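Single-structure report; data block below.
The values are calculated or read from the model by the stated rules, or taken from the named source; none is laboratory data. What you see is a predicted model, and the numbers here were worked out from it, not measured in a lab. We place every Cβ from the backbone using ideal geometry, glycine too, and count neighbours over all the protein chains shown. Ligands, DNA and RNA are excluded from the accessible area calculation, which covers all protein heavy atoms including side chains. Shrake-Rupley method; radii C 1.70, N 1.55, O 1.52, S 1.80 Å.
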Amino acid sequence: SKDIKEHWLRNWEYGRWVMGGAIANWIAVEFYPVLTAGMISFAAAGAYRALQNLVAPIHLLLRAIDTFLTPRAAKAFHQNGFSGLQRSLKLTYWFAGVPILALLGIAIIFPKPLLSLLYGDTYLEYSSAMIIMAVFYALWFLYWPLQSVLKAAKLSRPIFLANLTAILAMFTIGLWMIMRWGVYGTIAGQGLNAAIVSLVLWASWRAAIKHSSK
């Protein structure tokens, strides 16, 4: 019927950007190790994963934020508009930021003992790359709650465009960084992607706030 078609089109108008953003985000974040394995070696990709495993609990926290925050932010937006979203965003960064920054701090301070505990001497030579990994994760966290809030406000198009821009950077600057610095370039490239997404999303958020206040 006509009502069903209109309902489907309305949902697709929003859902296509959510789906596209999710796929683009996965490529922008997770495809770097694949490139590293292909361009350098599987051993290099293994070193990357070893470093990443030191901060693996952060993955669970970020996924939990998306699952927990999005529906609550949508309710806050329905009830109080952007002011409700701002409050939800501030609370999320405050409460989630403490454990995430603590985990990153521990990984930065004790990379060698942690790598030795998990992998022996295999990856100790890459311990200094933990600082770059921590920066990447900090930048990732910088935009992750905001991404959930934008979805709640049905502003998902910037998420797709931000990650698409990051993918373009990956297949240009990112490839050069991997060839130039190996594992260190892989992590730095991911940090660059996270910085690009953060800049685009925060600019979109500020524009939305400014427009709503008019």
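Compute the distance in nm between two label points, each set 7 Å from the Cα along the Cα-to-Cβ direction, one at GLN79 and one at LEU60.
The two pseudo-label positions are separated by 3.0 nm.
Across the stretch 105-113, in residue order, what do the Karplus-derived ³J(HN,Hα) couplings come to in whole Hz, using 6.51 cos²θ - 1.76 cosθ + 1.60 with θ = phi - 60° and x for Gly and Pro?
Each residue of the stretch 105-113 in turn: x, 5, 5, 6, 6, 10, x, 5, x Hz.
Using 0.36 nm per residue of separation minus the Cα-Cα distance, give me the extension gain between ARG72 and ALA43 in nm, one decimal.
Details: separation 29, 0.36 × 29 = 10.44 nm, distance 4.25 nm.
Result for the pair: 6.2 nm of gain on full extension.
Ignoring any ligand, DNA or RNA, what whole percent of the accessible area of the chain comes from carbon and sulfur when the probe is 1.4 angstrom?
Details: 7900 of 11510 Å².
Its accessible area is 69 percent carbon and sulfur atoms.
Which one, TYR119, TYR143, TYR184, has the greatest fluctuation when you compute a Gaussian network model over the chain with C-alpha springs under 10 angstrom?
Of TYR119, TYR143, TYR184, the most mobile in the Gaussian network model is TYR119.
Leaving out ligands and nucleic acids, note down the accessible area per residue over the chain with a 1.4 angstrom probe, in whole Å². Walk me through the numbers before you get to the answer.
Working: 11510 Å² over 214 residues.
Per residue, the chain has 54 Å² of solvent-accessible surface.
If Lys and Arg each add +1 and Asp and Glu each add -1, what is the summed charge of the other residues whose beta carbon sits under 15 Å from the beta carbon of ASN80?
Numbers: positive: ARG72, LYS75, ARG87, LYS90; negative: none.
My count for the surroundings of ASN80 gives +4.
Could you run the Karplus curve 6.51 cos²θ - 1.76 cosθ + 1.60 with θ = phi - 60° over the stretch 198-210 and give me ³J(HN,Hα) per residue in whole Hz, x for Gly and Pro?
Karplus values, whole Hz, x for Gly and Pro: 4, 4, 5, 5, 5, 5, 5, 5, 5, 5, 5, 4, 5.
Can you give the helix-only mean residue ellipticity at 222 nm for the chain, where every DSSP H stretch with n ≥ 4 adds -39500 (n - 2.57) and the sum goes over all residues, rounded to the nearest 500 deg cm²/dmol?
Numbers: 8 runs with 185 residues, N = 214.
Using -39500 (n - 2.57) per qualifying helix, the result is -30500 deg cm²/dmol.
In a Gaussian network model over the chain where Cα atoms closer than 10 Å are linked, find which of ARG87, ARG157, ARG72 has the largest mean-square fluctuation.
Highest fluctuation among the options: ARG87.
When Rg/Rh (Cα atoms, Kirkwood Rh) is calculated directly from the model, which label among [x] 0.93; [y] 1.06; [z] 1.03 fits?
Recomputing Rg/Rh (Cα atoms, Kirkwood Rh) here gives the entry labelled [z].
If a/c stays under 1.5 just call it rounded; otherwise compare a/b with b/c (prolate if a/b is bigger, oblate if not). Do that for the stretch 165-214, with a ≥ b ≥ c from the square roots of the Cα gyration tensor eigenvalues.
Numbers: a/c = 6.90, a/b = 3.59, b/c = 1.92.
It is prolate, given that a/c is not under 1.5 and a/b is the larger ratio.
By its C-alpha gyration tensor, with a ≥ b ≥ c as the square roots of the eigenvalues, how is the stretch 125-205 shaped: rounded for a/c under 1.5, else prolate for a/b larger than b/c, else oblate?
oblate
Pick from MET170, MET130, MET179: which is most flexible by mean-square fluctuation in a GNM of the chain where alpha carbon atoms under 10 Å apart are linked?
Its mean-square fluctuation being the largest, the pick is MET179.
Determine ³J(HN,Hα), in whole Hz, for all residues of the stretch 38-45 in sequence, where each value follows from phi through the Karplus function 6.51 cos²θ - 1.76 cosθ + 1.60 and θ = phi - 60°; x replaces Gly and Pro.
Working through the residues one at a time gives x, 8, 10, 5, 5, 5, 5, 5 Hz.
How are the alpha carbon pair distances in the stretch 84-132 distributed across 10 Å bins from zero to the largest one, expressed in percent?
Reading upward from the zero bin: 24, 35, 20, 15, 5.
Report the one residue of ILE196, GLY84, ALA22 whose Cα lies farthest in the direction of the positive end of the charge dipole of the chain (charges on C-beta: Lys and Arg +1, Asp and Glu -1; origin at the Cα centre).
My answer, from the dipole projection, is GLY84.
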